[in-house]
Amino acid sequence: MNKKLTILHTNDLHASYDAALRQTAYIKKRVREMKDNGESFLLVDGGDHMDMSVNECLATQGKMHLDMLAETGYHAMSVGNNELLRSTPELIRKLSLQSSVPWLLSNLVEGDGSLIGGMKESLIVTATSGIRIGLFGATDQFEDLYENKHGFKNLDTLNVIKKTASRLKEDGADLILFLSHLGFGADKEMAKEINGCVDIIIGAHSHTVLESPVIESDVPIVQAGSHGIYVGELSLSLNIDNEGRHIIDSFEGKLVEISPDFEPDPAMEYILETGRKETEQFLSEVLFTTSESLSHADVIQLMADSLRNRWNAEIGIMYGGGAVGGMEAGDVTKASVMNACKSMHSPVLMELQGKHISRLIEDSFRDEITSKPVYGNGFRPHGIPIGTLAFSGVTWENTAGVISNIKVNGMDLEEERLYTIGTGSPMLYEEVCGYSSVKENRLIDLGKNEMVKDVFLEYLKSLLHRSVTT
């Protein structure tokens with residue numbers, strides 16, 4: 001006896017709304033075809049549907065995405081770092097409780113070991129053909145970041161995968177699907193360990209375009225790129241043996257590219273229009289007024305000032321890649337800030353010796369460092385140059401490229417002294433920011449549930465009705 005199942009899968013939309021309108025239209029059309037033909041199907045998403053660097057997502061606090069997921073008709077989604085990393089624990093719990101589409105997460109829990117909000121460790125979905133599909137998800141833990149930032153607790157990913165898959169089989173699942181937000185490289189390594197436990201890995205996180213399934217240790221791995229450009233389709237033929245076990249007899253996978261010429265889905269257009277009206281109101285708040293336009297360098301300098309102020313630190317430092325442009329003269333609104341500041345970095349307070357601060361100043365004039373493109377680690381857009389550094393509380397003289405007479409708050413820089421510095425999280429890591437002198441830093445504090453742009457917004461509010469000139 002044979003049964004058929006088609007799995008439609010997406011991942012890493014990252015709030016690409018215009019693409020989502022067409023992606024959903026295609027999915028609905030394909031689902032109607034399968035229903036009309038009496039075919040069994042499953043529709044899942046691999047996470048990072050949200051992206052708090054996008055104004056509509058931020059302004060609606062992700063609620064718009066719950067409506068989009070429900071409208072598209074997903075059976076379940078895995079939880080990505082963009083659902084987790086740039087939200088407060090309270091918002092994560094709230095969204096996962098409110099979502100009509102189950103959020104699957106098995107390798108991250110509350111500090112007391114309980115499930116986070118409305119998350120589910122696993123789920124069994126019964127297809128129209130009677131196939132019982134066991135689903136579970138796991139996310140990239142970013143080492144101990146979520147433990148430090150949110151107070152969550154990491155579980156051993158490999159161990160929890162094996163236990164969850166075993167429990168799903170005991171509960172009567174015929175087919176075990178792992179919705180992975182670990183990335184393609186990690187999926188290939190994991191497949192070597194979970195062969196026999198998991199039938200298929202539906203991947204995400206690395207934005208990998210797999211035109212057809214990759215087989216690793218007899219486990220098919222699929223992934224559908226990112227940003228709504230593709231919909232993955234995996235067609236399975238299952239053979240039922242004499243003991244009732246469902247064995248994958250054959251499979252065929254492909255990606256369907258979503259053309260910009262596709263007609264958008266009307267219901268999704270309504271959700272987006274409603275969300276954009278809410279966003280417009282949110283972004284219209286006036287923060288302060290400037291009599292002159294602010295250049296990119298002016299914005300970076302103000303951000304350095306805000307970070308110094310946030311921590312009451314001796315020094316503030318901001319990198320050029322923290323903003324993409326300047327601001328026009330007149331009323332500066334939240335929209336002005338959000339359009340200029342796309343990156344999603346956390347504010348940090350660190351210590352650094354004077355001699356390393358001196359080297360940072362020198363390096364901020366070196367093109368091979370300042371022009372270095374950076375990817376991931378919260379930078380938006382990806383590939384933006386790290387840029388030169390703006391310093392708050394520090395002055396110096398530059399004579400023909402020679403830096404001298406460095407002062408911190410009017411006092412001579414002391415090479416061996418430790419100074420407190422308010423900055424953004426990329427400055428903690430040489431491999432991220434490219435400035436080698438940060439290697440000796442010591443992290444003192446981290447803004448757990450805020451971003452650098454949040455600090456900047458609050459700082460600008462304090463300047464309301466003042467005239468800021470360049």
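Test residue 111 against the criterion of being closer than 22 Å to residue 140 by Cβ and surrounded by fewer than 20 Cβ atoms within 10 Å (Cβ to Cβ), and give yes or no. Outline the logic, then answer.
Numbers: closer than 22 Å to residue 140 by Cβ: yes; surrounded by fewer than 20 Cβ atoms within 10 Å (Cβ to Cβ): yes.
Considered against the rule, which asks whether it is closer than 22 Å to residue 140 by Cβ and surrounded by fewer than 20 Cβ atoms within 10 Å (Cβ to Cβ), residue 111 comes out as yes.
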- Looking only at segment 77-97, decide whether some residue is assigned to a strand (DSSP E or B) and assigned by TED's automatic domain parsing to the domain that holds residue 264. yes
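Would it be correct to say that residue 456 is more than 24 Å from the chain's Cα centre (by Cα), modelled with pLDDT of 95 or more, assigned by TED's automatic domain parsing to the domain that holds residue 313 and crowded, with 20+ Cβ neighbours inside 10 Å? Step through it out loud before you land on a result.
Values: more than 24 Å from the chain's Cα centre (by Cα): no; modelled with pLDDT of 95 or more: yes; assigned by TED's automatic domain parsing to the domain that holds residue 313: yes; crowded, with 20+ Cβ neighbours inside 10 Å: yes.
In short, no.
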- Going by the conditions given, is residue 160 in contact with a helix residue (DSSP H, G or I) (Cβ under 7 Å, 6 or more places away or on another chain) and either under 23 Å from residue 122 (Cα atoms) or modelled with pLDDT under 95 (or both)? no
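Scan segment 19-38 and give yes if some residue there is aliphatic (A, V, I, L, M), part of a strand (DSSP E or B) and in the same structural domain as residue 228 (by TED's automatic domain parsing), otherwise no.
So in segment 19-38, the residues aliphatic (A, V, I, L, M) come out as 19-21, 25, 27, 31, 34.
Next cut, part of a strand (DSSP E or B) only: none.
Checked segment 19-38: no residue is aliphatic (A, V, I, L, M), part of a strand (DSSP E or B) and in the same structural domain as residue 228 (by TED's automatic domain parsing).
Results for (1) crowded, with 23+ Cβ neighbours inside 10 Å; (2) part of a loop (DSSP other than H, G, I, E, B); (3) small (Gly, Ala, Ser), shown as yes or no for each residue.
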| residue | (1), (2), (3) |
| --- | --- |
| 168 | yes, no, no |
| 172 | no, yes, yes |
| 179 | yes, no, no |
| 188 | no, no, no |
| 215 | no, no, no |
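Whether any residue in segment 45-54 is surrounded by fewer than 19 Cβ atoms within 10 Å (Cβ to Cβ) and at positive phi is what I want to check. Before the answer, list the steps.
Taking segment 45-54 and keeping what is surrounded by fewer than 19 Cβ atoms within 10 Å (Cβ to Cβ), we get 54.
Imposing the further condition that a residue be at positive phi reduces the set to none.
No, segment 45-54 contains no residue that is surrounded by fewer than 19 Cβ atoms within 10 Å (Cβ to Cβ) and at positive phi.
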- Tally time: how many residues in segment 247-265 are surrounded by fewer than 21 Cβ atoms within 10 Å (Cβ to Cβ) and in a strand (DSSP E or B)? 10
- Only strands (runs of 3 or more DSSP E) wholly contained in segment 326-400 count here; list those with 1 or more residues that are at pLDDT 95 or above and not aromatic (Phe, Trp, Tyr). 347-353, 389-392, 394-399
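Tally the residues that are outside any strand (DSSP E or B) and β-branched (Val, Ile, Thr), restricting the search to segment 425-446.
Looking only at segment 425-446, we keep the residues that are outside any strand (DSSP E or B), and these are 425-441.
Right, trim to β-branched (Val, Ile, Thr) and you get 432, 438.
Going through segment 425-446 one residue at a time, the tally reaches 2.
Each row is one residue, and each column tells you yes or no for (1) within 30 Å of residue 361 (Cα to Cα); (2) surrounded by 15 or more Cβ atoms within 10 Å (Cβ to Cβ); (3) not polar (S, T, N, Q).
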site: 230; (1), (2), (3): no, yes, yes
site: 243; (1), (2), (3): no, no, yes
site: 275; (1), (2), (3): no, yes, yes
site: 295; (1), (2), (3): yes, no, no
site: 302; (1), (2), (3): yes, yes, yes
site: 309; (1), (2), (3): yes, yes, no
- Counting only residues that are more than 17 Å from the chain's Cα centre (by Cα) and among the aliphatic types (A, V, I, L, M), which one in segment 119-152 is nearest to residue 202 (Cα to Cα)? 135
- Message: Quick check on segment 124-152: of everything there that is surrounded by fewer than 18 Cβ atoms within 10 Å (Cβ to Cβ) and at pLDDT 95 or above, which residue is farthest from residue 40 (Cα to Cα)?
- Response: 124
- Could you say whether any residue in segment 439-458 is in contact with a helix residue (DSSP H, G or I) (Cβ under 6 Å, 6 or more places away or on another chain) and among the basic types (Lys, Arg)? yes
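Just name the residue that is modelled with the lowest pLDDT out of those in segment 226-242 that are more than 35 Å from the chain's Cα centre (by Cα) and of a type outside the set (A, V, I, L, M). Outline the logic, then answer.
Here is the first cut: in segment 226-242, the ones more than 35 Å from the chain's Cα centre (by Cα) are 238-242.
This time we only want the ones that are of a type outside the set (A, V, I, L, M), so: 239, 241-242.
On the way: 239: 88, 241: 79, 242: 72.
The residue in question is 242.
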- Query: Is it true that some residue in segment 410-422 is touching a His at 6+ places or on another chain (Cβ under 7 Å), of a type in the set (Gly, Ala, Ser) and in contact (Cβ under 8 Å) with a residue 60 or more places away in the chain?
  - Reply: no
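Any residue that is aliphatic (A, V, I, L, M), surrounded by fewer than 16 Cβ atoms within 10 Å (Cβ to Cβ), without any contact (Cβ under 8 Å) to a residue 40 or more places away in the chain and within 17 Å of residue 60 (Cα to Cα) - is there at least one of those in segment 88-99? Explain how you work it out, then say what you get.
Of all residues in segment 88-99, those aliphatic (A, V, I, L, M) come to 91-92, 95, 97.
This time we only want the ones that are surrounded by fewer than 16 Cβ atoms within 10 Å (Cβ to Cβ), so: 97.
This time we only want the ones that are without any contact (Cβ under 8 Å) to a residue 40 or more places away in the chain, so: 97.
When the remaining residues are screened for being within 17 Å of residue 60 (Cα to Cα), the result is 97.
Within segment 88-99, one or more residues are aliphatic (A, V, I, L, M), surrounded by fewer than 16 Cβ atoms within 10 Å (Cβ to Cβ), without any contact (Cβ under 8 Å) to a residue 40 or more places away in the chain and within 17 Å of residue 60 (Cα to Cα).
The values are calculated or read from the model by the stated rules, or taken from the named source; none is laboratory data. Note that the structure is a prediction, hence the values are computed from the model and not measured. FYI the Cβ positions are ideal-geometry reconstructions off the backbone, even for glycines, and counts take in every protein chain you see.
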